[in-house]
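Derivation of every value follows stated rules applied to the coordinates shown; laboratory data play no part. Note that the structure is predicted; figures quoted are calculated from it, not measured. Here Cβ is always computed from backbone atoms with ideal geometry, including for glycine, and neighbour counts include all displayed protein chains.
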Amino acid sequence: MTDDNPEDLSERIRRAQNARKPKDTSPSESPEPAVNAGGLALRYGTEFAANVIVGLGLGLLIDYIFGTTPWGLLIMLGFGLAAAILGVIRAYNKINAEIAELTASADDRD
Amino acid sequence: MLRTFAATDPIAQFEVKTIFGIEDVFGMDLSFTNASAYMLLASALVAGLFWYSASRTSLVPNRLQSIGEMGYEFIANMIRGVAGEDGLRFFPFVFTLFFFIFAANMIGMVPYAFTTTSHIVVTGALALLVIGIVIVYGLMKNGLGFFKLFAPSGAPLPIYFLLVPIEIVSFLARPLTLALRLFANMLAGHITLKLFAGFAIQLAATGTAAMLLAPLAFAMGIALNALEFLVAGLQAYVFAILTSVYLNDAMHPGH
């Protein structure tokens, strides 16, 4: 390490300043790396279960308020399932994009 | 035999025990439990660390000040990357959230300690706090424009009758996924840890040829321990980054 080298220092200052500039990238979703199969399963599983549970809860709530048993439940459960599948597809796309990014940066390093 | 099972019961570690009871405050049980104690410990550790690291600053930082600065930089860069420069107004919130969860997870890795984040009440309360801030701030900043979040632009009109309910459900599912993911990871991880440690003890206690398998279970327990440390850090990070993603939605709906 040549920390007292002035050129090195100004280079480092420039790099630190560049890092602080607002980057013109669209905000990305969670870059949670795919750790292992169990982690992936938990991720898809929670995504699916949470959406179905919310659909179920909304359906029961609508039925409770408007007295439309069982139609609110049936319809909102359908929407919950749709949202669950959408959520899993989104998570899948995100993970694939992360893996592509990881392999690309690994290729750069070679 | 019964005592062996009692000592290796993988669920016993999650038991909430009352330390001193404050029962029936307006009909609620507000007893101080081991969960409260460990949450206080986590808060105190984080507050103490950052108070100490900021108390005697110098241009060339010592070790603790360095930790504080690295923590600041880490969270600040994460928020900048996800929510842009104006996301930094939420810096204190995300910073506190991350280090509280991180400390709670790491305390949970200490043998005999209680893991507060393995209880869905705790993670659920944190997730509700996040989504509450998202909704309140989103409505304050954008008014009714906040509801553009539920109607992504560029679809033909009839599709919106399907799209809007689906988007509403998936928005409401966010706090649940946030809470469930942290809770499930910590719960599952700590149960497997306890199970493999228990296997090692039970196999060694058989006194037969099965004893030879005990080191195998023990080695697995050590490997899982390393994995659990990774998960403990990662899940705190995931919680913080998802929080900043949702806060970004509150600031700029309609993406």
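The rows are residues; the columns are (1) of a type in the set (Ser, Thr, Tyr); (2) in contact with a Phe, Trp or Tyr (Cβ under 6 Å, 6 or more places away or on another chain); (3) farther than 30 Å from B:Ser244 by Cβ.
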residue	(1), (2), (3)
B:Met28	no, no, yes
B:Tyr38	yes, yes, no
B:Ser58	yes, no, yes
B:Val94	no, no, no
B:Leu97	no, no, no
Scanning the range B:193-243 residue by residue, those of a type outside the set (S, T, N, Q), touching a residue at least 60 places away in the same chain (Cβ under 8 Å) and farther than 21 Å from B:Ile11 by Cβ turn out to be B:Phe229, B:Gly233, B:Ala236, B:Tyr237, B:Phe239, B:Ala240, B:Ile241, B:Leu242
The range A:44-88: number of residues that are more than 9 Å from chain B (Cβ to nearest Cβ), farther than 15 Å from B:Glu167 by Cβ and in a helix (DSSP H, G or I): 17
How about the range B:20-50: which of its residues are in a strand (DSSP E or B) and over 27 Å from B:Gly198 (Cα atoms)? B:Phe20, B:Val25, B:Met28, B:Phe32
Subset of the range B:129-163, residues without any contact (Cβ under 8 Å) to a residue 40 or more places away in the chain, loosely packed, with under 14 Cβ neighbours inside 10 Å and within 29 Å of the chain's Cα centre (by Cα), comes to B:Gly132, B:Val136, B:Met140
In the range B:53-108, which residues are among the acidic types (Asp, Glu) and either more than 18 Å from B:His252 (Cα to Cα) or crowded, with 17+ Cβ neighbours inside 10 Å (or both)? B:Glu69, B:Glu73
